[in-house]
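Novice: Before anything else, here's the structure in question.
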Amino acid sequence: RWCVQPDAFAVLARAVVWQQLSVVSAARLWRRFAVLPGALTAEGIAAMSVDTLRAAGLPLRKIGYLHDIAAQLLQGDLDMGAWQGTETAAITEQLVAVRGLGQWEASMFLIFCMGRPDVLAIDDAGLLQGISAHYFSGDPVSRSDAREVAQAWGPWSSVASWLLWQSQATLPMGLEQN
């Protein structure tokens, strides 16, 4: 079941914690992080010390990213409440301008927080594995090949991606573990 997570900061925090880690390592780190009081709110992260976050296992770089995202939200530099009618490309542009957020994190936010139906998370390894399994007989697939396959999915790229993730028994950021 595809569930949208309405808490924008929590989705972005989860994306930062999960970025560039194996599923096992990311899940372990997320479990330690998510139980910290206030960890899933911008206010809580802004007030949290580097030492507290380090004790949960977060690397300094990710701590900096989380503090930056929290600060931008609290200062109003990221006004997620105003994004409902905003074009996907404009939201992506604003998100990737934030230190620590890239195309993958923006895609995860658009799919799993905003519920946008036509986002292709081309940088997601699980999606590429699903495309490889279902369209290329398990052979490695390039991003170019994946984009070509995904052209047929519009305007439902997010839905097609979700189905491929399900076929691989995994969702990005461990969301099946909610």
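The values are calculated or read from the model by the stated rules, or taken from the named source; none is laboratory data. What you see is a predicted model, and the numbers here were worked out from it, not measured in a lab. Positions of Cβ are backbone-derived with ideal geometry, glycine not excepted, and every protein chain shown enters the neighbour counts. Note: areas computed on protein heavy atoms with side chains; ligands, DNA, RNA excluded. Shrake-Rupley method; radii C 1.70, N 1.55, O 1.52, S 1.80 Å.
Novice: Would you kindly state how much longer the chain becomes between Asp79 and Leu60 on full extension, computed as 0.36 nm times their sequence separation minus their alpha carbon distance, in nm to one decimal?
Specialist: In short, 4.3 nm is gained.
Novice: Starting from the stretch 31-137, pick out the GluC sites (Glu not before Pro) whose DSSP state is loop and whose Cβ has at most 11 other Cβ atoms within 10 Å. Don't jump to the answer; show the numbers that get you there.
Specialist: Details: sites: Glu43, Glu87, Glu93, Glu105; in loops: Glu87.
Sparse-neighbourhood loop GluC sites (Glu not before Pro): Glu87.
Novice: Additional query: Run the numbers on the chain and let me know its relative contact order in percent, using alpha-carbon pairs under 8 Å that are six or more apart.
Specialist: About 22 percent, as a whole number.
Novice: In whole percent, how big is the carbon plus sulfur part of the accessible area of the stretch 1-99, probe 1.4 Å, protein atoms only?
Specialist: Answer for the stretch 1-99: carbon and sulfur cover 54 percent of the accessible area.
Novice: A further question follows. Tell me the mean residue ellipticity at 222 nm calculated for the chain from its helices only (DSSP H runs of n ≥ 4, each -39500 (n - 2.57), averaged over every residue, nearest 500).
Specialist: Computed ellipticity for the chain at 222 nm equals -16500 deg cm²/dmol.
Novice: Specify the angular offset, from 0 to 90 degrees and rounded to the nearest 10, of the alpha carbon long axis of helix 157-167 from the longest principal axis of the alpha carbons in the chain.
Specialist: On a 0 to 90 degree scale, this one is about 90.
Novice: Regarding the stretch 79-178, what are the three Cα extents along the principal axes, ordered largest first, in Å?
Specialist: Principal extents (largest minus smallest coordinate, Cα): 43, 30, 25 Å.
Novice: For the chain, take N as its residue count and report Rg(C-alpha) divided by 2.2 N^0.38 Å.
Specialist: On the way: Rg = 16.3 Å, N = 178, 2.2 N^0.38 = 15.8 Å.
Expressed relative to 2.2 N^0.38 Å, the Cα Rg reads 1.04.
Novice: Right, something else. Taking the Cα centre as origin and putting +1 on Lys and Arg beta-carbons and -1 on Asp and Glu beta-carbons, what dipole magnitude results for the chain, to the nearest 20 debye?
Specialist: For the chain, the charge dipole is close to 580 debye.
Novice: So for the stretch 17-85, what percent of the C-alpha to C-alpha distances run longer than 19 Å?
Specialist: Tail of the P(r) past 19 Å holds 36 percent of the pairs.
Novice: I've got another one for you. So for the chain, taking the charge dipole from beta-carbon charges (+1 Lys/Arg, -1 Asp/Glu), which of Ser167, Trp30, Thr92 sits furthest toward the positive end?
Specialist: Going by the Cα projections, it comes out as Trp30.
Novice: Next question, about the same structure. For the chain, with every protein chain kept in place, what is the accessible area per residue (1.4 Å probe, Å²)? Intermediate values should be presented prior to the final figure.
Specialist: Numbers: 8830 Å² over 178 residues.
Per residue, the chain has 50 Å² of solvent-accessible surface.
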